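Okay, structure first, notes after.
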Amino acid sequence: LVRRRLFVVARARVAVERVAVGRVAVERTLRCASLRSRTTCETAQMRRAFAGDPSAQRACAIAALDVTRANGSSTVTRCYAEYPMKYLTPKRGIDGDCDCAWAYAVNMGGGLVSGDASGTTIRVDDGCALVLATQGTQKVYKHNKRRWDECEKADEGVGRSGVGETTSALYASVGDGGLLALLPDPTQLFSGAVFRQTQTIDIHENGSCVCVDWITAGRVGYGNERWAFERADVRTRVMANDDPVVIEATRLEASSRDSLHANVSLALRMGAVNVFASLIIVGSRVQDLAKSCGDWACASATRHMAQGGASWVRASPDALTQTDPRSTLFVTASDLPLPYPGVVLRFFAADSESVLDVLRKLLAPLASQLGAPPYDERGGS
């Protein structure tokens, strides 16, 4: 009788274990199906955002980052990248209680050459936060003139997506209560480079984003290679509920379309400016930050206007010194209309260190949400 009871208990335990294993398998299958469904949906949204732009679509397919809630905190649950991209996801936050994931984009080739397409697709889940930074300046080398001319002679639809243009693209979706902070180092364009960057950030009506984007004049200390690239076309769009919140676009070309300045080089047209940067702050989680940055920009503009405004821009770069108060930077600000609180700041500076110092100062309040001060590893204390 005892043996029979033990046999019955053993069979019952085996049955329970089989049920548990089956339940785990079902849950795993459902999670995989949900992930595939979300991935398919994100791919469709990305293609819709970059409709008619195959180069951007191809660039966004190179890498992917997903941040979801795991074990009660924001965690990178998907990290995929193809050459030349690679992502590092360290535990960057110095505050262990801060709910934010960090990722660093690394270019394995040391820069982008003619025809390269580099980009990523990002998803930040509801209530999560992600910081995407870089390990150093993104370099864009000169384009292949011969192959570019061949593309120009080709069919219009094929030539523009060919090998001549260097493309960088990003598509990101931010969920309810989520936060995405794009904090890259500046892009440095070498002589003869042809560069196009397009970014689309879809945020929930309660989502937030902080986006920094800046371009330098190139290798200023190397001969006469200042603003010597062929073309730079940079565009950032922030969307909410399929409505455009911010469309920030900058286009710099070596040859002016203005007949009065057709023979004036880009370096002369840019004057003493060596850095152009923009800072976009949108969303409820960064509403106080947007207000403080806007107030600082207004005070800074007022102070600079008392010192001659942006007249230093037209001066010769050699005429300005590092101790000249005019040679720091000039900033403008544009408030965003409700219901999406935010601000857009634009910086014109004679050196990148001035912009970096200001960004470090303005974005310091984000440390409580990100776990570490932005750009603090770039020489900050």
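Data overview
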read-out	value
Amide H partners (placed H, <5 Å) of L112, local residues excluded	K139, V140, Y141
5 angstrom amide H check on G127, placed H, neighbours 5+ away	D176, G177, G178
Calculated FRET efficiency for the pair N224/Q135, C-beta based, R₀ 25 Å, to 0.05	0.30
Residues listed by number, segment 175-207, amide nitrogen under 16 Å from N241 label point at 7 Å toward C-beta	175-177, 202-207
Rounded if a/c under 1.5, otherwise prolate or oblate - segment 52-116, Cα gyration tensor axes	prolate
Sequence-distant residues sharing a close amide H with C100 (under 5 Å, placed H)	S74
Charge context of P339, other residues only, Cβ under 15 angstrom, K/R +1, D/E -1	-4
Per-residue HN-Hα couplings for segment 366-375 [Karplus 6.51, -1.76, 1.60; θ = phi - 60°; Hz; x = Gly/Pro]	6, 4, 5, 9, 9, x, 7, x, x, 6
Added length on full extension, which subtracts the Cα-Cα distance from 0.36 nm per residue, R13 to R251	78.7 nm
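Only the coordinates and a few stated rules stand behind these numbers; no lab work does. Since this is a predicted model, take the numbers as computed values, not measurements. Neighbour counts are summed over all protein chains in view; Cβ atoms, including those assigned to glycine, are modelled from backbone coordinates with ideal geometry.
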